[in-house]
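Here the structure comes first, spelled out in structure tokens, and everything after it is commentary.
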Amino acid sequence: QVQLVETGGGLAQAGGSLRLSCAASRITVSSNTMGWYRQAPGKQRELVAFLTSSGRTNYADSVMGRFTISRDSAKNTVYLQMNSLKPEDTAVYYCNAKTTPTVNYWGQGTQVTVSS
């Protein structure tokens with residue numbers, strides 16, 4: 001069974017940084033499209049960033065230039081480095097693995113709270 005375990009969430013001040021980690025098991029992060037999504041209270045889940053097996057990245061406009069998605073193949077882990085955090089980045093962040101166009105796996109989520 002595929003498992004994605006997110007860590008690294010917490011409380012940060014505006015302008016600060018956090019790094020989220022997504023440790024994967026029974027799936028190879030470098031062979032699949034891995035992504036980070038977030039969901040704020042009362043809002044729909046939205047894509048933050050993704051990283052394809054070929055290394056292509058894509059970011060939501062709201063985080064462009066501030067967040068960076070990366071992976072460590074040896075650790076089979078995907079990261080989301082979040083800099084210049086804003087209160088509007090407050091949300092539960094979810095790791096996603098897309099193994100086929102119709103098959104997705106999700107982590108349990110990690111809370112990120114940014115205070116002003």
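Largest first, the residues K43, K86 sort by 1.4 Å accessible area into K43, K86. For region 63-116, the convex hull drawn through the C-alpha positions has a volume of 110 cubic angstrom per residue.
The Rg/Rh ratio for region 29-101, using Cα coordinates for both the radius of gyration and the Kirkwood hydrodynamic radius, is 0.97.
Where the accessible area of the chain is counted over protein heavy atoms with a 1.4 Å probe, how much of it, in %, is carbon and sulfur? Carbon and sulfur atoms account for 47 percent of the accessible area of the chain. Rounded to whole numbers, the Karplus 3J(HN,Hα) couplings from phi for region 77-86 are 9, 10, 10, 10, 8, 10, 10, 6, 4, 10 Hz, using 6.51 cos²θ - 1.76 cosθ + 1.60 with θ = phi - 60°, and x at Gly and Pro.
Is the shape of region 51-93 rounded, prolate or oblate, going by the alpha carbon gyration tensor and its root eigenvalues a ≥ b ≥ c, with a/c under 1.5 for rounded and a/b larger than b/c for prolate? Since a/c reaches 1.5 and a/b is larger than b/c, the shape of region 51-93 is classed as prolate. Global size of region 12-53: 13.2, 36 Å for Rg and Dmax (C-alpha atoms, Rg to one decimal, Dmax whole).
The values are calculated or read from the model by the stated rules, or taken from the named source; none is laboratory data. Computed from a predicted structure; not experimentally measured. With ligands, DNA and RNA removed, areas are computed over all heavy atoms of the protein, side chains included. Shrake-Rupley method; radii C 1.70, N 1.55, O 1.52, S 1.80 Å.
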